[in-house]
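Heads up, the thing below is written out as C-alpha cells.
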Amino acid sequence: MKTTFSIIKADVGGWPGHVYVHPDLKEIANKKLTEARKSGLLKDFHVTNCGDDLELIMTHTNGEDSKEVHSLAWDTFCEATEKAKELGLYGAGQDLLKDAFSGNIKGMGPGIAEMEFTERKAEPIVAFMMDKTEPGAFNFPIFKIFADPFNTAGLIIDPNLHDGFVFEVWDIQEHKHVFMETPEEMYGLLALIGAKSRFVIKRVFPKKSSKLPSDEPVSAISTEKLYQIAGEYVGKDDPAGVVRAQSGLPALGEVLEGFSLGHLVSGWMRGSHNGPLMPVSVGQAKCTRFDGPPRVIALGFQLKNGKLTEPVDLFDDPAFDRTRVEAQHIMDYMRRHGPFEPHRLPMADMEYTTLPKVMKKLGSRFEKTK
Ligand code: F6R
Ligand code: MG
Ligand code: MG
C-alpha cells in the first residue's frame, strides 16, 4: 500500500497585515482535519503556519490529485476565510481565486506539494514551508541536497547515492517540463534552474539503478504562481516542499544543510524585492521587517503506515544561528539599496506588480530623444 503525503497551503487572512495566521483559523483547520481522519479520508495530519500561510500537512492513501482530499482542503480554507472575515483579518480569502471547487484544487490559488510512494521500514520526511517568496526559492537547496557533493557527502561516499538523481523541471511560463539526470547533465540543469523565476524543480526521483522505485518521488515542490491564475499580482506564491531522507537518500542533516546559506530569493515586500531566505523556528516565522525577510520553516516527521509522529521543529536550533545572523547582515545591506535593483526585482519580474500602473501615469510625459 502506498502513502500520499500532501501539503496544501493558502493565505486566507493575515494577523495583523501579512505577518501571521490567527489561532482561530488553525483551530478550524484542526477541527476539519480531525473529522476527516475520523471518517478515514485522512490517515493523519498536522496543521501549522509559516507567516501568514495556513499549512495543511496530510497523509492518506488516495494518491495525488485526489478529489476528496483537495475538496477537504478547499472547504477548510473557505471556512477559515469566513472566520477571517468575521475577525476582520487582513486580506481574508486572499489566495482563493475561484468561487466554486471543481474537482482539483490546482489552479484555484492554494499551493500543493504532494507525492505518493511506498513507505520504507522507517521513513524520515521533512515538510518545508516558506513565506514571502516564490517556488523558485526551492531550486537552490533542492539542487544542493540531491546533486552537490559539497553539501551531500553521501553522493561521494554512499554507493546507494553515488549514481545521482533525476530532476523534473517545469518551465512555468511555457507550461512544459523536462527530466534531467545528475551528475551527467548537471551543467544543463543549472543553466535552467539558475533562472529560478521561470524554471522550477517540481520533483526529484531516484535513478533506475537505485534500490528505491524510480517512479516514486523523493521530493516534491509546489509550483503555483498566483499571478498566472489571476492575471495580476494578488499575493505571494509562498511555496511548500517535501523531502524524504536517509537510507539511500540524503541524510536528514544533508537535507537541512541545503538551507544553511540564507540564499537570495525574490518575493520580499510587495512581491517585488530580493532578500535572504532565513531558516527559522515555527514561532519565529513572523514576517515583520519590511514584511520579511523571507522565511523557511522545517518540520521533521517519522511516517509509519500513514501515521505521523509529532513533528520536530528542525530550524529551532543554534546550529542555524550563524545563518540567521548572516541573513540579517544581508538584509541590512540589501535594504540600503532602497528602490534600486537588484534589491528591487528587474523590470521583467515587476510586470505583475503595481509598478506598471505607475509607469502608465508617467508614460504621456515621455518624448522621443533625438
Ligand atoms: C503579501 C506581502 C506584502 C504585501 C504588502 C502590501 O504577501 O508580502 O509585502 O504585498 O504588505 O500589501 P497591500 O497591498 O495589501 O497593502
Ligand atoms: Mg498575506
Ligand atoms: Mg504568505
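The values are calculated or read from the model by the stated rules, or taken from the named source; none is laboratory data. Given the structure is predicted, the values throughout are model-derived calculations rather than measurements. Note that each Cβ is placed from the backbone with ideal geometry, even for glycine, and that neighbours are counted across all protein chains shown. What goes into the accessible areas is simple: the full protein's heavy atoms, side chains included, and nothing from ligands, DNA or RNA. Shrake-Rupley method; radii C 1.70, N 1.55, O 1.52, S 1.80 Å.
Sum -39500 (n - 2.57) across every DSSP H segment of at least 4 residues in the chain, then divide by the residue count to get the 222 nm mean residue ellipticity, nearest 500.
-7500 deg cm²/dmol
If I take R0 = 56 Å and measure r between the Cβ atoms of Met186 and Lys370 in this structure, what FRET efficiency does the formula 1/(1 + (r/R0)^6) give, to the nearest 0.05?
0.65
To the nearest 20 debye, what charge dipole does segment 1-49 have about its Cα centre, counting +1 at the Cβ of each Lys and Arg and -1 at the Cβ of each Asp and Glu?
Computed about the Cα centre, the dipole is about 280 debye.
Among Asn62, Pro239, Phe315, whose Cα projects farthest towards the positive end of the dipole of the chain, with charges put on the beta-carbon of Lys, Arg (+1) and Asp, Glu (-1)?
Pro239
How large is Rg over Rh for segment 171-227, taking Rg from the Cα atoms and Rh as the Kirkwood inverse mean of 1/r across Cα pairs?
Rg divided by Rh gives 0.99.
When the convex hull of the Cα atoms of segment 1-112 is projected onto a plane and the area is averaged over all directions, what value comes out in nm²?
In nm², the orientation-averaged hull projection of segment 1-112 is 6.2.
For the chain, report the % of Cα-Cα distances exceeding 28 Å.
It works out to 42 percent of all Cα pairs.
Quick one: divide the alpha-carbon radius of gyration of segment 80-233 by 2.2 N^0.38 Å and tell me what you get.
Taking N as the residue count of segment 80-233, the ratio is 1.20.
Just in segment 274-303: which trypsin sites (Lys or Arg not before Pro) are loop by DSSP and have at most 11 other Cβ atoms within 10 Å?
Filter output for segment 274-303: empty list.
Send over a whole-number figure in Å² for the accessible area per residue of the chain, probe 1.4 Å.
Per-residue accessible area for the chain comes out at 45 Å².
How high is the relative contact order of segment 158-213? Use alpha-carbon pairs under 8 Å, at least six apart in sequence, and give a whole percent.
45 percent
Taking a point 7 angstrom from the Cα of Val19 along the C-beta vector, which residues in segment 263-287 have backbone N less than 14 Å away?
Flagged as within label range: 284-287.
Using the Cα centre of the chain as origin and beta-carbon charges of +1 (Lys, Arg) and -1 (Asp, Glu), tell me which of Cys78, Met269, Ile112 is placed farthest towards the positive end of the dipole.
The Cα lying farthest towards the positive end belongs to Met269.
Name the lysines eligible as straight-distance cross-link partners of Lys202: C-alpha to C-alpha under 23 Å, and not fewer than 8 places from it in the same chain.
Counting by Cα, and skipping residues close in sequence, Lys202 has these lysines nearby: Lys2, Lys9, Lys67, Lys106, Lys132, Lys144, Lys176, Lys211, Lys225, Lys236.
What's the whole-number percent of alpha carbon pairs in segment 218-355 lying beyond 20 angstrom?
Tail of the P(r) past 20 Å holds 53 percent of the pairs.
Using the crude model of +1 on Lys and Arg Cβ and -1 on Asp and Glu Cβ, and no other charge, please compute the dipole size for the chain relative to its Cα centre, in debye to 20.
Dipole magnitude for the chain comes out near 780 debye.
Could you give the length gained on full extension between Lys360 and Glu68, defined as 0.36 nm per residue of separation minus the Cα-Cα distance, in nm?
Net length gain for the segment: 100.6 nm.
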